[in-house]
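Colleague: I have a structure here, written as structure tokens, and I will follow up with some questions on it.
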Amino acid sequence: MERVLSGVQPTGDIHIGNYLGAMRQFVQLQNEADCYFCIVNLHAITVPRDPQELLQKTYDLAALHLAIGLDPDKVTLFVQSEVRAHAEAAWLLQCVARMGELNRMIQFKEKGKGSESAVAGLFTYPVLQAADILLYQANRVPIGEDQKQHLELTREVAERFNRDYQDVLKIPEPLIGKVGARIMALDQPEKKMSKSADSDFNYITLLEDPKRIEKKLKRAVTDSENVIRYDPETKPGVSNLLVMNSLLTQTPIHTLVQQYEGEGYGRLKKDLIEIMMDHLTPIQQKYAEIRQSEELVRILKNGAEKANAVAEDTLRKMKDAMGIV
Ligand code: TYM
């Protein structure tokens, strides 16, 4: 059976972009692969965080994974810091990755902005991500478009390890959806939707209140043409609304465009408000049930145990190959 691994940072609020770009694929994959889903709290501390908030958000995100429909009997859900092998393998791989390749990482350039005060962990962030993936010998990694470069680095580092030491690591493939891999910001549709945006009109969170969903979608930036067409280049706002509708209703975009012929943006938005509420309400109800339950703690404990067994096995092989006692 194929192995799948992915990770999400417990920071900001998880939004519809994270969901449509990555997390929704997790739900489908649980029926066809051996899945490992990781709450990557060690990645989260590469920018300053309030410790109490990070702790809460770690559990919030775990509960959200279950609320979207992941079945703990099918998948292994765990917190990164509970599997020590991640930090250890990251060090080994830091001695394989090159400064030059890390320097080219777009996320580092955007977040670090060349600042002398950015922490060193922000620079080596993609190596920890490589460790997350390689420790599980994952065949496929479901991610949004923005993580593609980190996946390429992971593959290169793994290939170099296998060449320079021994053939230990599986080379993973990215799994990026054809539609929805880059959900755009509602208020600035030429930029991607982002947890760390300045304005919360940028995104809709999975736990968003229905009134706010309505307000945010009504305010979503479109254009002055008032013709519903799919053209991400010249009509990024309208195209983004069509993409979200398409993914949530599982209707091809060209069918939607036909259905909306002669209609205005008001109708497109009104429909999406309803579609989104219908989709998010059951997730929100399930989240409320799970978040405070003892069950959540038990699921994470079991997940960490299973993850530890797999990760330790790969780590031992990596150390053996490198001559590390
Ligand atoms: P993070 O926490 O920023 O995002 C989680 C997932 O959501 C996807 N995503 C989007 N997809 C579509 N449209 C958007 N606007 C959008 N914004 C975010 C991301 O691509 C990601 O798949 N470095 C990773 C976390 C990570 C990881 C890993 C991922 C750590 N280790 C191992 C995969 C495998 C990150 O910051 O994701």
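The values are calculated or read from the model by the stated rules, or taken from the named source; none is laboratory data. Everything quoted here is computed from the prediction, not taken from an experiment. Cβ coordinates were reconstructed from backbone atoms using ideal geometry, including for glycine residues, and neighbour counts include every protein chain displayed. Side chains included, ligands, DNA and RNA excluded: accessible areas come from the protein's heavy atoms. Shrake-Rupley method; radii C 1.70, N 1.55, O 1.52, S 1.80 Å.
Colleague: Could you sort the peptides 45-52, 205-212, 121-128 by per-residue average Cβ neighbour count (10 Å cutoff), highest mean leading? All intermediate terms of the calculation are to be shown ahead of the outcome.
Modeller: Working: 45-52: 12.5, 205-212: 15.4, 121-128: 20.8.
In descending order of packing, they fall as 121-128, 205-212, 45-52.
Colleague: Also, quick follow-up: Around Asp209, under 13 Å between beta carbons, what's the net of Lys plus Arg minus Asp minus Glu among the other residues?
Modeller: On the way: positive: Lys211, Arg212, Lys215, Lys216; negative: Asp13, Asp200, Glu208, Glu214.
It works out to a net charge of 0.
Colleague: Moving on. Based on the mean of other beta carbon atoms within 10 Å per residue, what is the order of 259-272, 141-154, most packed first? It would help to have the intermediate numbers written out before the result.
Modeller: Values: 259-272: 14.9, 141-154: 20.2.
Result, highest mean Cβ count within 10 Å first: 141-154, 259-272.
Colleague: If R0 is 22 Å, what FRET efficiency do you get for Arg316 and Lys109 from their C-beta distance, rounded to 0.05? Working shown, then result.
Modeller: Working: r = 35 Å, r/R0 = 1.60.
Plugging the Cβ-Cβ distance into 1/(1 + (r/R0)^6) gives 0.05.
Colleague: So, with a 1.4 angstrom probe, what is the percent of accessible area on the stretch 20-154 that is carbon and sulfur?
Modeller: Working: 2890 of 5630 Å².
Within the stretch 20-154, the accessible surface is 51 percent carbon and sulfur.
Colleague: Show me the ranking of peptides 4-13, 65-74 by mean Cβ neighbours inside 10 Å, starting with the highest. Each step should come with its number before you reach the end.
Modeller: Numbers: 4-13: 21.7, 65-74: 17.3.
Result, highest mean Cβ count within 10 Å first: 4-13, 65-74.
Colleague: Report the relative contact order of the stretch 160-210, percent, no decimals, based on alpha-carbon pairs under 8 angstrom and at least 6 residues apart. Intermediate values should be presented prior to the final figure.
Modeller: Values: 31 pairs, mean separation 10.0, N = 51.
With pairs under 8 Å counted, the relative contact order is 20 percent.
Colleague: Treat each spin label as a single point 7 Å out from the Cα along the C-beta direction, and report the Met277 to Ile45 distance in nm.
Modeller: 4.2
Colleague: In degrees between 0 and 90, to the nearest 10, how far off the longest principal axis of the chain does helix 51-67 point, with axes built from Cα atoms?
Modeller: 70
Colleague: Follow-up question, since we're still on this one. Once the Cα atoms of helix 236-249 and of the chain are each reduced to a long axis, what angle between those two axes, in degrees from 0 to 90 to the nearest 10, is obtained?
Modeller: For 236-249 against the chain, the angle is about 80 degrees.
Colleague: Let me make sure I get this right: for the stretch 249-325, a, b and c are the square roots of the gyration tensor eigenvalues over alpha carbons, sorted descending. Under 1.5 in a/c it's rounded, otherwise prolate if a/b > b/c, else oblate. Which is it? If you can, show how the numbers build up before the last one.
Modeller: Numbers: a/c = 6.03, a/b = 2.07, b/c = 2.91.
Oblate, since a/c reaches 1.5 and b/c is not below a/b.
Colleague: Here's a follow-up. Given Lys74/Lys148; Lys269/Lys306; Lys113/Lys286; Lys192/Lys270; Lys178/Lys218; Lys57/Lys235, which pairs have Cα atoms separated by over 32 Å? Mind showing how you got there, number by number?
Modeller: Numbers: Lys74/Lys148 26 Å; Lys269/Lys306 44 Å; Lys113/Lys286 39 Å; Lys192/Lys270 22 Å; Lys178/Lys218 27 Å; Lys57/Lys235 35 Å.
Lys269/Lys306; Lys113/Lys286; Lys57/Lys235, as the Cα separations exceed 32 Å there.
Colleague: Got the relative contact order for the stretch 213-290 handy, in percent, Cα pairs under 8 Å and 6 or more residues apart? Intermediate values should be presented prior to the final figure.
Modeller: Numbers: 65 pairs, mean separation 26.6, N = 78.
After rounding, I find 34 percent.
Colleague: Please compute the contact order of the chain in relative form: average sequence separation of alpha-carbon pairs under 8 Å and at least six residues apart, divided by the residue count, as a percent. Spell out each step's value before the answer.
Modeller: Working: 490 pairs, mean separation 74.5, N = 325.
This gives 23 percent for the chain.
Colleague: Looking at the square roots a ≥ b ≥ c of the eigenvalues of the Cα gyration tensor of the stretch 203-251, which shape do they give, rounded for a/c under 1.5, prolate if a/b is larger than b/c, or oblate?
Modeller: Numbers: a/c = 2.51, a/b = 1.47, b/c = 1.70.
Since a/c reaches 1.5 but b/c is at least a/b, the shape of the stretch 203-251 is classed as oblate.
Colleague: Next up: Extending each Cα 7 Å along its Cβ direction at Arg229 and Lys74, get the distance between those two points in nm, one decimal.
Modeller: Taking the simple label geometry, Arg229 and Lys74 are separated by 4.1 nm.
Colleague: Same structure, new question: Would you calculate, for the chain, the mean residue ellipticity at 222 nm contributed by helices, counting each DSSP H stretch of 4 or more residues as -39,500 (n - 2.57) and dividing by all residues, to the nearest 500? Don't jump to the answer; show the numbers that get you there.
Modeller: Numbers: 13 runs with 168 residues, N = 325.
Computed mean residue ellipticity for the chain: -16500 deg cm²/dmol.
Colleague: Have a look at the DSSP beta bridges in the chain and tell me what percent are antiparallel, nearest 5.
Modeller: 10
Colleague: Also, I was wondering about something else. Could you work out how far helix 120-134 tilts from the main Cα principal axis of the chain, as a 0 to 90 degree angle to the nearest 10?
Modeller: Once rounded, one gets 80 degrees.
Colleague: Now a separate question. Enter the accessible area per residue of the chain (Å², integer; probe 1.4 Å; all protein chains in place). Write out the running numbers ahead of the final one.
Modeller: Numbers: 15650 Å² over 325 residues.
On a per-residue basis, the chain sits at 48 Å².
Colleague: Right, here's the next one. If you find the alpha carbon centre of the stretch 72-140 and of the stretch 150-229, how far apart are they in angstrom?
Modeller: Value for the Cα centre distance between the two parts: 18 Å.
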